[in-house]
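Let me begin by presenting the structure, written as structure tokens, before commenting on it.
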Amino acid sequence: YKQAVPEGYGLAIFDDGVMRPDTIGASMPVAGVEPDGALWSPDSTKIYSLSLSTSTPRYYQSTVSTSGVTLQDAIPLPQERSYGFGVVDVRYVNRNYQMAGDRLYSATGTIFDPARRVQVGAFRTQGQGFAIDTTVNKAFFASGGFLLPLTFESFDLARLTPVASHTVPLPPNATGQVNKLLRWGTDGLAAITSTNQLVIVSGHSAVALAQVPA
């Protein structure tokens, strides 16, 4: 059992409740380093975190060993060429970024290659919450707003081209921005909205199966 904990902008790894000695951030202060979140590389040898302590957006790249985590590099992020809105939230990594394969994806639709340190593309989406599913080669985005239906979009993960778009009409008091989108099963999506609603959709029809307080 391994877990990375960004509490207090620190980064540490635990094995069955025992913390490895080498840590970053609040656990072992480093001037100006406040890593938020833990996005694991595919081979589990690196962790990418977003920087919250600098005016220039960047990722921290940390190496993972049996001793814990060691700050390896800071990767400046270029100005995003994006289309989506994303989610305004201080927990950027938790809600706005995902690591899938060897790429970093954002809720605004951007795709970043940390090895090459370049943005390699962007989905043309107005999404807020998103989910990446490499097993079916698709990226899913969802968006909503005041008096607007929820809109679910899917894209070809390799070509970045749209595949399908569906809307789910909801009562006015249930609409709102999508704060989080989760993938479940082989054809399901669950959207958590700013109105504290959990909307579950399944299959190509994208019909709301459940709408319960989140």
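Couple of notes before you dig in:
- Cα-projected label distance for ALA74 with ASN196, points at 7 Å along beta-carbon direction, nm: 3.9 nm
- Inter-label distance for VAL120 and ASP15, nm, one decimal - labels placed 7 Å from Cα along Cα-to-Cβ: 3.2 nm
- Where VAL120, VAL168 fall by accessible area, highest first, once all protein chains stay in place (1.4 Å): VAL120, VAL168
- Solvent-accessible surface (1.4 angstrom probe) belonging to TRP184, in square angstrom, nearest 10: 100 Å²
- Efficiency of FRET from Cβ geometry, SER165 and ASP102, R₀ 25 Å, rounded to 0.05: 0.35
- Legend: residues MET99, MET19, sorted from most to least accessible area (1.4 Å probe; ligands, DNA and RNA excluded), read MET19, MET99.
The values are calculated or read from the model by the stated rules, or taken from the named source; none is laboratory data. Quick caveat: nothing in here was measured; it's all calculated off a predicted structure. Every residue, glycine as well, gets a Cβ built from its backbone with ideal geometry; the counts of neighbours run over all protein chains shown. With ligands, DNA and RNA removed, areas are computed over all heavy atoms of the protein, side chains included. Shrake-Rupley method; radii C 1.70, N 1.55, O 1.52, S 1.80 Å.
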